[in-house]
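Scroll down for the structure; my scribbles are underneath it.
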Amino acid sequence: MSLADALDVASLVFLALGALLSLAAGVGLARFPDPLSRMHAATKPQIAGLLFVLIAVGLQSEQWGTVAMLFPILLFQMLTAPVSAHMVGRAAYRTKHLRRDLLVIDELSDAVDRAQRERASGEKRT
Amino acid sequence: MTAERVRSERSTLLLQLPLLIWLVVLWILLWGHITVVSVLSGIVLALGITRVFYLPPVELSGRFNVYWAAVFVVRFLLDLVRASFLVAWQAIDPRGIPTSAVLLVQLHTRSDFIMTLTAEAISLVPGSIVVEVDREHSRLYVHSLGVKDDAEVEQARRIILAAEERLVRALGTLDDVWHINQERRMNGRPEIRLSAKQKRYEDERERHGERTGDTP
């Protein structure tokens with residue numbers, strides 16, 4: 001087996017892995033019950049799926065310029081996906097779009113209660 | 001007056017230098033080749049962008065440990081792949097939907113930079129999403145998927161704090177390292193090996209401990 005064949009096989013494996021992870025991310029988006037859980041599917045398998053696909057592209061490309069361009073693609077996905085997931089998750093929590101019955105513990109609601117109590121007592125005083 | 005202004009402009013330029021270099025490198029990466037035109041246009045664009053879209057300068061710590069940065073990156077990539085397969089499995093698990101938890105994580109760091117990096121990193125790695133950030137108290141409220149009981153809640157918390165610790169070791173301030181060491185001493189774990197500079201800072205800190213007194 002020549003080097004080119006070995007690279008082809010490696011690309012094949014990475015591409016298949018990336019596609020599987022992306023598929024699982026899609027299934028998770030549809031199947032998870034609330035926005036917070038869905039955001040997990042939208043970040044982790046999605047990013048790793050992209051990572052594998054980019055590795056496959058890098059193995060096949062013959063120009064350094066193309067390979068160099070793959071790094072910013074991955075980097076900006078890694079930087080932006082958590083931010084958008086955070087914004088959606090935050091909005092979902094604030095508008096109470098979440099399944100409380102699936103939460104083992106919610107330490108944020110304790111903090112919200114405390115802040116509301118403090119605010120109420122502060123308003124009474126003034 | 002004018003001399004002062006020149007000096008302050010020079011110092012902002014120096015502060016922005018890492019950002020400028022990064023913008024030029026990014027520009028060259030996007031072009032895919034290094035030529036005189038791409039480098040020059042990159043420099044012009046970087047200067048233009050930092051002038052037009054002015055942002056408050058990011059306060060870097062002035063510390064950078066190459067070894068721990070490498071540890072962080074390698075660990076991060078391994079965890080990313082593992083966490084992805086885990087979430088992928090949870091998505092198609094025929095036994096049904098996993099339970100989860102929203103937990104409070106009290107970070108050690110006081111710097112926005114480390115806090116932001118930690119929040120970014122843990123959103124990708126140990127199965128968590130940042131729901132809310134309390135910047136004043138350095139607290140993250142994190143949604144963790146697949147947590148079943150209290151023991152697993154504590155484990156999720158430990159994993160997040162470990163990620164913060166790796167980041168602090170790589171590029172946290174002396175003060176951040178001090179906070180981590182403080183907690184390690186309390187829990188009887190061996191403290192991070194001290195550099196001479198760090199040792200001096202910690203001794204100083206111990207002496208003035210009561211007066212500054214902002215221990216968590």
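Any read-out appearing in this document is the output of simple, stated calculations on the displayed coordinates, not a laboratory observation. Since the structure is predicted, the reported quantities are computational estimates derived from the model, not experimental observations. Here the Cβ is made from the backbone with ideal geometry for all residues, glycine too, and neighbour counts use every protein chain on show.
What to note about this one:
- Karplus-derived 3J(HN,Hα), 6.51/-1.76/1.60, for each residue of region B:33-48, Hz, glycine and proline x: 8, 9, 10, 4, 5, 5, 5, 5, 5, x, 5, 4, 5, 4, 4, x
- Cut-off under 5 Å, modelled amide H: who pairs with A:D106 long-range: B:V102
- Residue-wise HN-Hα coupling along region A:80-95, computed from phi with Karplus coefficients 6.51, -1.76, 1.60 (Hz; x: Gly, Pro): 8, 4, x, 5, 5, 4, 5, 5, 5, x, 5, 4, 5, 5, 5, 8
- Prolate/oblate/rounded label for region A:3-125 (Cα gyration tensor, a/c 1.5): prolate
- Tensor-based shape of region B:72-157 (alpha-carbon gyration tensor, a/c under 1.5 rounded, otherwise prolate or oblate): oblate
- Residues whose placed amide H lies under 5 Å from that of B:V130, excluding near-sequence neighbours: B:H143
- Taken over the C-alpha atoms, the protein assembly as shown has Rg and Dmax values of 23.1, 82 angstrom.
- Charged neighbours of B:L78, selected by a Cβ distance under 15 Å, balance to +3 (K, R count +1; D, E count -1).
- In this simple spin-label model, placing a label point 7 Å from the Cα along the Cα-to-Cβ direction at both B:S41 and B:V25 gives a separation of 2.2 nm.
- Sparse-neighbourhood loop sites, GluC sites (Glu not before Pro) in region B:67-157 - DSSP loop, at most 14 other Cβ within 10 angstrom: B:E136
- Region B:116-191 - percent relative contact order, Cα under 8 Å, separation 6 or more: 21
- Selection from A:A4, A:T95, B:A151, by position along the positive dipole direction of the protein assembly as shown (Cβ): A:T95
- Each 10 Å bin, from zero up to the one with the longest distance, holds this percent of the alpha carbon pairs of region B:66-212: 11, 37, 33, 14, 4, 1.
- Chain A, relative contact order [Cα under 8 Å, separation at least 6], %: 27
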